[in-house]
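Working notes, structure below.
What follows draws every value from the coordinates through simple rules; no lab data is involved. As the structure is a computational prediction, the values presented were derived from the model and not from experiment. Cβ placement follows ideal geometry from the backbone for every residue including glycine, while neighbour counts extend to all protein chains displayed.
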Amino acid sequence: MAAKRTAQAAWEGDLIKGHGTVHGAPGALPELKVSWAARTEQQGTQTSPEELLAAAHASCFSMALSAGLGRQQHPPQKLEVTAVATFDKVGEGWRITTMELTVVGHVPGITPEQFRVAAKAASEGCPVSQALKGNVVVSVNARLA
């Protein structure tokens with residue numbers, strides 16, 4: 001059976017001066033404030049779709065990498081993943097152009113090269129990476145602690 005997850009957003013006003021909120025329907029993702037300024041200027045205490053996408057990608061990638069390492073008999077003690085989504089003006093519109101994943105792994109018994117190969121495979125197999133494929137350039141920087 002397919003899993004479905006729901007989020008809700010509300011927006012008030014025009015794009016530049018307006019503001020909104022987003023939250024996960026079951027309550028695990030608390031209500032967060034969003035604005036155009038949080039996307040293109042200083043983020044402050046507000047979030048943006050790009051930050052939420054980066055969070056989704058970081059968590060998805062960490063799970064995919066953990067699974068892959070486990071299949072190789074090298075389960076990680078810890079994976080620290082940072083995802084940076086770049087939102088930029090391209091032509092007349094705005095696009096998410098790149099997603100940079102950086103992972104620091106605490107993985108006993110694995111070589112740095114094995115870790116890099118596992119991270120690359122996880123990036124290609126992660127469902128969020130697959131959703132971005134062909135639209136966003138995804139890069140992975142992987143190193144052992």
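Just want to confirm a number: the relative contact order over the chain, from Cα pairs under 8 angstrom separated by 6+ residues, in percent.
After rounding, I find 18 percent.
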Counting other C-beta atoms within 10 Å, and keeping those with at most 13, which DSSP coil GluC sites (Glu not before Pro) do you find in region 59-140?
92
Helix-only [θ] at 222 nm, the chain, -39500 (n - 2.57) per DSSP H run of 4+, per residue, nearest 500, equals -10500 deg cm²/dmol
From the backbone phi of region 23-28, what are the Karplus-calculated ³J(HN,Hα) couplings (6.51 cos²θ - 1.76 cosθ + 1.60, θ = phi - 60°) in whole Hz, Gly and Pro given as x?
7, x, 4, x, x, 5
If every alpha-carbon in the chain counts as one equal scatterer, what log10 I(q)/I(0) does Debye give at q = 0.08, 0.11, 0.18 1/Å?
-0.27, -0.50, -1.08
Roughly what % antiparallel, to the nearest 5, for the DSSP beta bridges in region 49-144?
60
Round to the nearest 10 and give me the degree value, 0 to 90, for the angle of helix 112-125's Cα axis relative to the longest principal axis of the chain.
40
Degrees separating the helix 49-71 axis from the principal Cα axis of the chain, which is the longest one
20
Of 33/78; 89/120; 78/120; 4/133; 17/133; 4/78, those spanning more than 26 Å from alpha-carbon to alpha-carbon:
33/78; 89/120; 17/133; 4/78
